[in-house]
Amino acid sequence: MPIDAVSNFFNWIVFVVNFMWGRIPFMLDGAKLTVYIAVMAFILGNLIGIVMGILRVSGVSILEAISTLYIETIRGTPLVVQILIVYFGIPIATGIRFDPVMAGILTMGLNSGAYQAEIVRSGIKGIPRGQLEAAESLGFTYWQSMRYVIIPQALRIVIPAFVNELATLLKDTSILIIIGVHELTRRGQYIAAWSYRYFEVYITIAFIYLIMVLIVSRIARLIEKKVRIPGLGVAGGRL
Amino acid sequence: MTDNILVIEDLHKSYGDLKVLKGVSLKVTKGETVVIMGPSGSGKSTLLRCIVRLVEPNSGKIWIDGVEVTDPKTDLKEIRKHVGFVFQQFNLFPHMKVIDNITLALTKVHGLDKEKAEERALKVLKKVGLEEKAYAYPGQLSGGQQQRVAIARALAIEPKLILFDEPTSALDPELIGEVLITMEEIAKEGKTMVVVTHEVDFAREVADRVIFIDHGKILEEADPEKFFTNPEHPRLKSFLKRLLERV
Ligand SMILES: Nc1ncnc2c1ncn2[C@@H]1O[C@H](COP(=O)(O)OP(=O)(O)OP(=O)(O)O)[C@@H](O)[C@H]1O
Ligand SMILES: [Mg+2]
């Protein structure tokens, strides 16, 4: 009966909201850890990405080789395997031990660095040739041209891609359940395991991720507006 | 040395198998304005770029004010400090205010302090009539204004020579005039200029000499009056015919 179906559905919603409501603080603690790990990994990845991205186009073949090796290795291996290496492998090989959160930040930061390096490289390549030519004609060295002219423009162009990377990190931290980090997804597992409400719990968890990602893209739009070059329509728009 | 600002001797340049410059020789004396014309692909931009070694020539020699540019020992920075370059696409730095576009090289390359640099920037902006745009961004200016800023940027380094590579061909027709007037004023002040352009009126009124280059060679060199009214080389004749018909 359609009436029954509607009322059943309504009852279910009421139940889910009631059931979840009491668990919100527990889940939000997990969400906080998720955000913390993602942001720290993003910052680490950003530093690595900017350095590696610049090396990649430095014109110095040894530096380009180092950067290429780094990027290819990281992008050519699964994130899960990288996490297992850092958390389980490195302590045995070297005696250096990380707690799960630290291992998570480190691995995801190193991993994200490779992707962010590619973002930076594409941003630099996207600056019209004439910019470098003009800078060099004024007597700047290649490095001065990069520093004052090319890189500041390239970084503006790639802001949307950076933000996208942060959103990806927020979601990918869920992988850290394999080393027992008590982030959002792991906490969902707890609740689901004793309540057997797998569907309701994971739907709620998914919803929280969605909200976080939406907040990030909103912040991104504010940043884009802030660093937009006056007179150019969109960030990265060319003359 | 005489008062030759620019001397080019038997310059050759190829891109792979493509011979672009096949023995170009040219002298430009102090205060002269030389206009270069020639069909698309004839090597005009390549020639200008070779002068400041934005492009490396294959052979031949170039001197600027007695300093050999093509000598491998010569510091490129020292050459470029004294030569202004104005590009077809303006190539202003869009993320910097107009004034910073001008002061950047003055402080970082020429070693002026910030105050001196800004003073000089405002002076050259005034000269091109854009003092009030000093704190605008390039993207907020019209094409003609942007090119005048680019000219100001070139002037600010107090160059011995200014090279212009088709400075008006990216502009809407109604904006060309203001740029040409600015260039004419600079020429009248006695700056030494080499200008690649197809603006016949500018060449007639401002140039001391007009040069026709085709397939990497200088085919004709004459004062503007003779160049336009009594050209000798058949290729220049047909080039001028096409050029004047287009207008
Ligand atoms: N970096 C490069 N690599 C390969 N070929 C080039 C390069 N730059 C220019 N060329 C070629 O060299 C030739 C001369 O180019 P150049 O730009 O000097 O001509 P131009 O006389 O300035 O032409 P235009 O009037 O179209 O600007 C052209 O055939 C061009 O395609
Ligand atoms: Mg050209």
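Every number here is computed from the coordinates shown, using simple stated rules; none is lab data. Every value quoted in this text rests on a predicted model; they were computed, and no experiment measured them. Quick reminder, even Gly has a Cβ in these numbers, built from the backbone with ideal geometry, and neighbours come from all protein chains shown.
Values as computed for the structure displayed
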read-out	value
Shape of chain B, Cα gyration tensor, a/c cut at 1.5	oblate
For residues of B:137-144, the mean tally of beta carbons on other chains within 10 Å	3
Centre separation in Å (Cα based) which lies between the stretch A:176-234 and the stretch A:1-64	3 Å
Partners for B:K97 among lysines (Cα-Cα distance below 21 Å; same-chain residues under 8 apart left out)	A:K225, A:K226, B:K108, B:K114, B:K116, B:K123, B:K126, B:K127, B:K133
Dimensionless Rg/Rh of the protein assembly as shown - Kirkwood Rh, Rg from C-alpha atoms	1.16
Residue mean of other protein chain beta carbons inside 10 Å, A:146-156	2
Cα centroid separation - the stretch B:162-232 against the stretch A:101-131, whole Å	46 Å
Shape call, chain A: gyration tensor on alpha carbons, a/c limit 1.5	oblate
Top of B:V124, B:V196, B:V67 by mean-square fluctuation, Gaussian network on chain B, Cα under 10 Å	B:V67
Exercise: per-residue mean of other protein chain Cβ atoms within 10 Å, A:126-135	5
Gaussian network model of chain A, Cα within-10 Å springs - most flexible of A:A193, A:A31, A:A206	A:A193
Share antiparallel - DSSP beta bridges, the protein assembly as shown, percent rounded to 5	55 percent
Pair B:D75, A:M102: separation of 7 Å Cα→Cβ label points (nm)	4.9 nm
Listed peptides A:207-219, B:170-182 by packing density, highest first (mean Cβ within 10 Å)	B:170-182, A:207-219
On Cα atoms only, tilt of A:61-75 relative to the major axis of chain A in degrees	10 degrees
